[in-house]
């Protein structure tokens, strides 16, 4: 554990890769490790890494469990328009509140690099004291999307902890 992580207690994160082929062991998860590496660089302690198939109920159950264990849950994958892309719906189903501006910022920044970012249906929301953030499945898209909103996350987590004085 780096000293910066030790200086930032409570910045715990989980990375969830949503992919049928990765869950079946047919493809290596590349996005999850890339996102975890960036989160560690941002002084988060990544305490959980999971791979789950594109199944709404499995995703929902995992998000519910993780929201009790960590402060930030980042998913990668399942945010497109294919029929198996159900991560946004699963996220919305378990969130108390949605943060539309966070997802809009990710898409806006992404469109500066590729017009296909407009096809992302990624969501960001709150469950209890946890922030849930959907990222695209491509490693570059996932990292770029997280970088686009990284500066917002610590403040959002402070607000969720009850630190609301400005």
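The values are calculated or read from the model by the stated rules, or taken from the named source; none is laboratory data. On a predicted model such as this, the values are computed, not experimentally measured, just so you know. Virtual Cβ from ideal backbone geometry, glycine too; neighbours counted across all protein chains shown.
Observations
- Contacts under 8 angstrom Cβ, first residue in region 54-79 being at positive phi and modelled with pLDDT of 95 or more, partner surrounded by fewer than 24 Cβ atoms within 10 Å (Cβ to Cβ) and assigned to a strand (DSSP E or B), 6 or more apart: none
- Top-ranked residue of region 79-100 - restricted to ones that are in a loop (DSSP other than H, G, I, E, B) and out of contact with any helix residue (DSSP H, G or I) (no Cβ under 7 Å at 6 or more places or on another chain), ranked as farthest from residue 137 (Cα to Cα): 96
- Scanning region 141-166 for residues that are free of Cβ contacts under 8 Å to residues at least 12 places away in the same chain and closer than 26 Å to residue 27 by Cβ yields no hits at all.
- Check on residue 103, in a helix (DSSP H, G or I) and either in contact with a helix residue (DSSP H, G or I) (Cβ under 7 Å, 6 or more places away or on another chain) or under 24 Å from residue 24 (Cβ atoms) (or both): no
- Looking across region 106-129, the residues that are outside any loop (DSSP other than H, G, I, E, B), buried (at least 20 other Cβ atoms within 10 Å of the Cβ) and touching a strand residue (DSSP E or B) at 6+ places or on another chain (Cβ under 6 Å) come down to 124, 125.
- Any hit, region 49-66, residues being within 16 Å of residue 145 (Cβ to Cβ) and either touching a helix residue (DSSP H, G or I) at 6+ places or on another chain (Cβ under 9 Å) or assigned to a strand (DSSP E or B) (or both): no
- Boolean, residue 29 is in contact with a helix residue (DSSP H, G or I) (Cβ under 7 Å, 6 or more places away or on another chain), within 23 Å of residue 150 (Cβ to Cβ), modelled with pLDDT of 95 or more and surrounded by 16 or more Cβ atoms within 10 Å (Cβ to Cβ): yes
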